[in-house]
Amino acid sequence: MPYPTDTRARTRPKPRLLDLFCCQGGAAKGYDDAGFDVTGVDTEPQPRYPFRFVRAEAVAFVLEHGAEFDVIHASPPCQHDSDCQRLQGNTHPDLIAPTRAALKATGRPWVLENVRGAVPKLVRPVMLCGPMFGVETYRHRYFETGGGLTLNQPHHRPHLVPQAKMGRPIPPGHYGQFVGNFSGVDLARRVMGVPWMNRDGIRECIPPAYTYHIGTQALALLAATGMGVAA
């Protein structure tokens with residue numbers, strides 16, 4: 001007697017995304033919302049990271065394991081190119097070039113993110129800003145892509161809403177500037193969409209809305225080309 005056949009569609013596993021230099025997971029949340037299964041890597045413990053986490057050196061990890069993932073995002077520490085750090089005379093390693101080389105070596109689609117000071121080192125980066133996605137803060141982040149993934153530059157509207165001064169309370173009708181030792185952590189959590197983060201995480205994070213935008217385009221690439229690891 002033949003057994004009945006289960007004709008229900010099997011659930012396909014989510015594409016896997018590797019989140020390098022992950023910190024507290026702002027970028028990760030956006031990719032998760034877009035539909036990725038996210039794994040974060042950082043050299044420091046990240047107890048607030050909301051997804052699977054591996055403590056490791058990011059460049060070494062991606063060279064060994066990067067090809068096991070469908071898409072890779074990397075946010076090398078921005079202190080080397082931070083205006084604030086330069087003014088204070090602090091020095092930090094520049095990891096953009098070695099990170100890019102490691103990303104290219106994987107053969108996977110990738111995203112390399114950093115701050116305005118790093119723009120001369122990035123190749124045709126796309127700039128994203130909060131109001132493009134309804135996020136009420138002017139946080140510019142720059143995204144270089146490769147491995148077949150491309151991004152179009154969204155329209156950047158003029159900054160018409162005034163911004164509170166750095167570290168000051170936010171007056172009514174102003175956007176917050178959530179950097180440094182800023183005030184209003186609870187407000188920043190709501191504005192940025194990162195309710196699990198503390199001040200240290202918020203001051204440097206990528207708003208999840210940015211990587212949701214990127215993630216949807218990465219998923220479209222995987223679907224159109226069959227580039228996924230499991231394809």
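The values are calculated or read from the model by the stated rules, or taken from the named source; none is laboratory data. Bear in mind that the values here come from a model prediction, so they are computed numbers and not experimental data. Glycine also receives a Cβ, built like all others from the backbone with ideal geometry; neighbour counts cover every protein chain displayed.
Just one of the listed residues (Pro158, Pro207, Pro172) is crowded, with 16+ Cβ neighbours inside 10 Å and either more than 22 Å from Val38 (Cβ to Cβ) or within 17 Å of the chain's Cα centre (by Cα) (or both), namely Pro207.
In the set (1) at pLDDT below 95; (2) more than 19 Å from Cys23 (Cα to Cα), Tyr138 fails one condition alone, (1). Going through Tyr212, Tyr175 one at a time, which residue ends up being of a type outside the set (A, V, I, L, M, F, W, C), touching a residue at least 40 places away in the same chain (Cβ under 8 Å) and touching a Ser or Thr at 6+ places or on another chain (Cβ under 8 Å)? Just a single option satisfies the conditions, and that option is Tyr175. Of the residues making up region 100-145, just one is of a type in the set (Phe, Trp, Tyr), touching a residue at least 60 places away in the same chain (Cβ under 8 Å) and under 30 Å from Pro172 (Cβ atoms), namely Phe133.
Count of region 175-189 residues, restricted to those that are under 18 Å from the mean Cα position of the chain (by Cα) and part of a helix (DSSP H, G or I), is 2.
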